[in-house]
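See structure below.
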Amino acid sequence: MNILFIGDVVGRPGRNYLSRNLPRLIEENSIDFTIVNGENSAGGIGITKNTYDELVSLGIDMITLGNHSWVKKEILEFIEESDKLVRPANYPNGAPGMGYRIAEKSGRKIAVINLCGRVYMDCIECPFKTIDAILSDIKEKADIIIVDFHAEATSEKLAMGWYLDGKVHAVLGTHTHVQTSDERILPCGTAYITDVGMTGPKESVLGVEKETVIRKFMTGMPARFEVAGGEAGIGAAKIQLDDSNKVIGINRIME
């Protein structure tokens with residue numbers, strides 16, 4: 001089985017890129033299951049019902065979120081009914097939506113878990129303790145377990161990778177929008193990459209108009225960020241598993 005995990009989709013440029021290129025990517029890489037981080041899919045921050053539906057219409061199997069989950073308040077109106085949407089599991093009890101979901105594809109049950117880091121981010125529940133509780137709950141329910149760890153600090157992501165080595169099939173970092181070149185299979189068999197990158201405008205700063213960001217750095221003054229235009233690209237990772245669900249490969253995709 002081949003799983004495609006696509007990094008943070010930024011606004012219309014990212015969505016348009018997937019609309020034009022996802023069928024080709026799936027065919028070229030013999031993809032069986034596709035996961036997308038969609039927390040920036042609506043105007044560069046948050047997700048709406050329209051952007052959720054658009055991503056699902058492309059054949060995407062699961063959509064994860066992150067620290068911008070609640071920016072678009074309308075998410076509260078559809079998250080409970082959206083069976084392909086996963087928000088960070090370590091939000092406090094009472095938060096709407098699901099922190100993990102299990103989908104069946106090609107005869108295998110695939111669990112997709114979303115977690116947020118805590119270093120330089122909002123104060124939420126411990127992701128390490130949260131994942132322990134989830135794994136205890138799903139150990140007999142899933143054949144394959146994929147974790148989207150949406151975090152800022154590379155140290156926290158690496159720590160999670162080592163902590164989950166041998167317990168899950170992949171720990172894939174999101175949030176920084178910059179693809180790292182440290183993809184590998186850890187000693188106990190878990191595929192890992194610190195950040196899969198972003199799907200959005202290439203000539204930008206993390207998807208935002210570069211001139212605006214440069215001006216903010218130079219002046220220290222507040223600025224309204226807008227999604228950049230121009231050519232878009234993709235940051236993604238392909239996870240390969242054999243017939244016994246053993247991870248046999250992880251490859252970066254950037255174009």
So if I take the centroid of the Cα atoms in the stretch 214-230 and the same for the stretch 85-150, what is the distance between those two points in Å? 33
Give me V86, V9 ranked fewest to most by other Cβ atoms within 10 Å of their Cβ, as a rough exposure proxy. V86, V9
Please get the size of the charge dipole for the chain, origin at its Cα centre, with Cβ charges of +1 on Lys and Arg and -1 on Asp and Glu, quoted in debye to the nearest 20. 260
Could you tell me which residue out of I113, I75, V86 lies farthest along the dipole of the chain toward its positive end? Charges go on the beta carbon: Lys and Arg +1, Asp and Glu -1, centred on the Cα centre. I75
For Cα pairs less than 8 Å apart in space and 6+ apart in sequence, what is the mean separation divided by the residue count of the chain, i.e. the relative contact order in percent? 20
Consider a paramagnetic label point 7 Å from the Cα of F128 along Cα→Cβ; state which residues of the stretch 155-198 have an amide N under 12 Å from it. 156-164
Mind checking which of V205, H177, I146 is farthest towards the positive end of the stretch 2-254's charge dipole, using Cβ charges of +1 (Lys, Arg) and -1 (Asp, Glu) about the Cα centre? V205
On full extension of the chain, what length is gained from D53 through E140, given 0.36 nm per residue of separation minus the C-alpha to C-alpha distance? 28.2 nm
Compute, for the stretch 76-148, the length of the dipole vector about the Cα centre, with Cβ point charges of +1 (Lys, Arg) and -1 (Asp, Glu) only. Units Debye, rounded to 20. 280
Residues of the stretch 218-252 with backbone N under 14 Å of the label point set 7 Å from the Cα of E203 along Cα→Cβ are 228-233
Under 10 °C and 1.306 mPa s, how fast does the chain diffuse according to Stokes-Einstein, given a Kirkwood radius computed over C-alpha pairs? Answer in µm²/s, whole number. 88
Angle, helix 210-219 long axis vs. longest principal axis of the chain, Cα atoms, 0 to 90°, nearest 10? 70
Between E80 and E27, how many nm apart are label points set 7 Å from Cα along the C-beta direction? 4.2
With everything on Cα atoms, drop me the angle between helix 154-164 and the longest principal axis of the chain, reported from 0 to 90° to the nearest 10. 20
Once you've got the Cα coordinates, tell me which of K49/K139; K84/K238; K129/K238 are over 24 Å apart. K49/K139; K129/K238
For S181 and N93, what does the FRET efficiency come to when R0 = 35 Å and r is the distance between their Cβ atoms, rounded to the nearest 0.05? 0.40
DSSP bridge pairs, the chain: antiparallel proportion in percent, nearest 5: 45
Can you give me the angle between helix 11-28 and the longest principal axis of the chain, using Cα atoms only, in degrees from 0 to 90, rounded to the nearest 10? 40
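Each reported figure results from applying straightforward, stated rules to the coordinates on display, with no laboratory input. Because the structure is a prediction, the values reported are computed rather than measured. All Cβ positions, even for glycine, are placed from backbone atoms using ideal geometry, and neighbour counts span all protein chains on display.
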